[in-house]
Structures are given as C-alpha cells and as structure tokens.
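Trainee: Once you've had a glance at the structure underneath, I'll fire off some questions.
Each reported figure results from applying straightforward, stated rules to the coordinates on display, with no laboratory input. Just so it is clear, the model here is predicted, and its values are computed rather than measured. Note: ideal-geometry Cβ built from the backbone for every residue, glycine included; neighbour counts use all protein chains shown.
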Amino acid sequence: MITLTINGKDVSWDLDPETPLLWALRDQEHLTGTKFGCGIAQCGACTVMLNGMPRRSCVTPISTLEGADVTTIEGMEGAEFDAVQQAWQGLDVPQCGWCQSGQIMSATGLLQFNAAPSDDDIDNVMAGNVCRCATYVRIRQAIHDAAKTLEG
Ligand code: FES
Ligand code: FES
C-alpha cells in the first residue's frame, strides 16, 4: 500500500509498486490531464509536480512516492501558474494540445525558480518538452509574457 497526496487529497494505492505514477494518476484517479507520450522520459508530456518540482511521471514508480506530494495540471494554482495560463490563452499557444499540460507544468516550474528567464534559460529548461506541432516560438513568448505579468 502506497499513501501519498494528490492535489491536496490523501490517497492510498494497492498497486504493483513498479506501476508508473502516470498510470496510477490516469487509471486510479481519473486525472487525465497528464498525458502519455513516449514512456521513457523523452517528451515531457507526462510532467507533474513532485514535492514542488517538475518530474516525468512515466518513469516514476509509485514505490518511490510514500508520503510524497504530487500536483497534476488539474490541481495547479498560484501566481506563476495563473500567469502562465493567462499568457497561454493570450497567445493561443496550443495546436493539437497533446504536449501542453507538460509544457505548462515545466514553464510554471521555471518561473517559480527564475522570475525573469532569458531565451537561453527557457530553451534549456523547456528542451525536454517536445511539441510535435512545433509551438516552440509561442511557448517561449508566452513564458516571457508570464514573467512580465509576474513582474507587475
Ligand atoms: S511520456 Fe513521460 S516523458 Fe514522454
Ligand atoms: S500542441 Fe500538438 S504536440 Fe504540442
């Protein structure tokens, strides 16, 4: 039995300890905002916050999560997340949307640790989030816009 917190709610899972967090979130909790892309930590579609840091849920076995605090896209809140959401909407960033939960999680994580990222900072942090629709230019601009909003 694994007990942890998902989006502020205590949950217990009686699952194979090697089950990836991604599948426990989607199949047990029906939190389908976190997407499956590659399954091997290469695309970023499955990114969640684990104890406040972006983490690839497809390669995170639930056996490592006793007592952990996980936040999915459905449970995100706070100034950085709000600014990112607003900027994403303002620029109409998504195309098909497949990668966008993961992009938003990584962008929010970036702004929480770097309030005024440069293009290079953005490219470095976001390099692990792949977009098959190639929305990278709008993603980068949206992160700059969100940083400006946060600056006030
Ligand atoms: S599905 Fe996890 S990084 Fe691609
Ligand atoms: S919006 Fe389609 S994969 Fe990124």
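Trainee: If the chain between E77 and C96 were fully stretched, how many nm would it gain, using 0.36 nm times the residue separation less the Cα-Cα distance?
Mentor: Working: separation 19, 0.36 × 19 = 6.84 nm, distance 2.36 nm.
Result: 4.5 nm gained on full extension.
Trainee: Using +1 on the beta carbon of Lys and Arg, -1 on that of Asp and Glu, and nothing else charged, what's the dipole of the chain about the Cα centre, debye to 20? Before the final figure, lay out the partial values.
Mentor: Details: 9 positive and 19 negative charges, 86 e Å.
Approximately 420 debye in magnitude.
Trainee: If each of D14 and N124 carries a label point 7 Å out from its Cα toward its Cβ, how far apart are those two points in nm?
Mentor: 4.7
Trainee: Based on DSSP H runs of at least 4 residues, each adding -39500 (n - 2.57), what is the mean residue ellipticity at 222 nm of the chain after dividing by all its residues, to the nearest 500 deg cm²/dmol?
Mentor: Result for the chain, helices only: -10500 deg cm²/dmol.
Trainee: Explain nothing, just the number: dipole magnitude of the stretch 79-151 about its Cα centre with +1 on each Lys and Arg Cβ and -1 on each Asp and Glu Cβ, in debye rounded to the nearest 20. Please list the in-between numbers first.
Mentor: On the way: 4 positive and 9 negative charges, 54 e Å.
Its charge dipole is roughly 260 debye.
Trainee: While we're on this one: Which FRET efficiency, nearest 0.05, do A41 and E151 yield, Cβ-Cβ r, R0 41 Å? Working shown, then result.
Mentor: Values: r = 33 Å, r/R0 = 0.79.
Here the calculated transfer efficiency is 0.80.
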